[in-house]
Amino acid sequence: MSYRVPPAEVIAIAVCDVLREHGPIASQRLFADFVREKLRYINDEYTVTEERVRKIALQSGLVRVEIATRDTGVKIKGGRCPVCNSRMRRVKNETIYGGSVTLGFKCVSCPYTMGATRRVPTRYTFHEAKPRGPCRQSKHTQHRL
């Protein structure tokens, strides 16, 4: 069975459609399944991994993600974000003696943060970045009864 890898723009459109149809989705696997289903409407050979769906959704800015994590207890000195693979920035604090202490790390691209020990993502909840409410009429277009 052959397959094709869809471009990032097509995946971003599918992500937007899925979140608009289903609302918040509390599972990366379910989210990717919905996106794959949407992609199959475009081209029957398209397929995509869960990780690629998550990364493209975050990079496009169409998604707000909540990340549940668990602590591994392993001390770290930096590295890459396990959610989006971006650089992690040190979060420092100044001591009363004039030195500085690293409190933890924060991703420069997504909302992922961790303390001095490594935290592993366990669950993602995907939300539409700018939820659209019902259309409201302005004062000038409202009809008087």
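In table form, for the structure just shown:
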| item | result |
| --- | --- |
| Test: residue in the stretch 36-46 that is in a loop (DSSP other than H, G, I, E, B) and among the acidic types (Asp, Glu) | yes |
| Matching residues, the stretch 9-30, being surrounded by fewer than 16 Cβ atoms within 10 Å (Cβ to Cβ) and farther than 20 Å from residue 130 by Cβ | 27, 29, 30 |
| Options 77, 92: the member that is modelled with pLDDT under 90, over 30 Å from residue 12 (Cα atoms) and out of contact with any Pro (no Cβ under 6 Å at 6 or more places or on another chain) | 77 |
| Test for residue 55: is it basic (Lys, Arg), modelled with pLDDT of 90 or more and within 23 Å of residue 7 (Cβ to Cβ) | yes |
| Residue match in the stretch 31-44 (condition: of a type in the set (Asp, Glu) and either under 15 Å from the mean Cα position of the chain (by Cα) or surrounded by 13 or more Cβ atoms within 10 Å (Cβ to Cβ) (or both)) | yes |
| Residue count for the stretch 88-108, restricted to those that are within 14 Å of the chain's Cα centre (by Cα) and in a strand (DSSP E or B) | 1 |
| Which numbered condition residue 85 misses (of (1) more than 22 Å from residue 115 (Cα to Cα); (2) assigned to a loop (DSSP other than H, G, I, E, B); (3) out of contact with any strand residue (DSSP E or B) (no Cβ under 9 Å at 6 or more places or on another chain)) | (1) |
| Whichever residue in the stretch 53-82 is part of a loop (DSSP other than H, G, I, E, B) and on the phi < 0 side of the Ramachandran plot and, among such residues, is surrounded by the fewest Cβ atoms within 10 Å (Cβ to Cβ) | 77 |
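The values are calculated or read from the model by the stated rules, or taken from the named source; none is laboratory data. This is a predicted model, so every value here is computed, not measured. We place every Cβ from the backbone using ideal geometry, glycine too, and count neighbours over all the protein chains shown.
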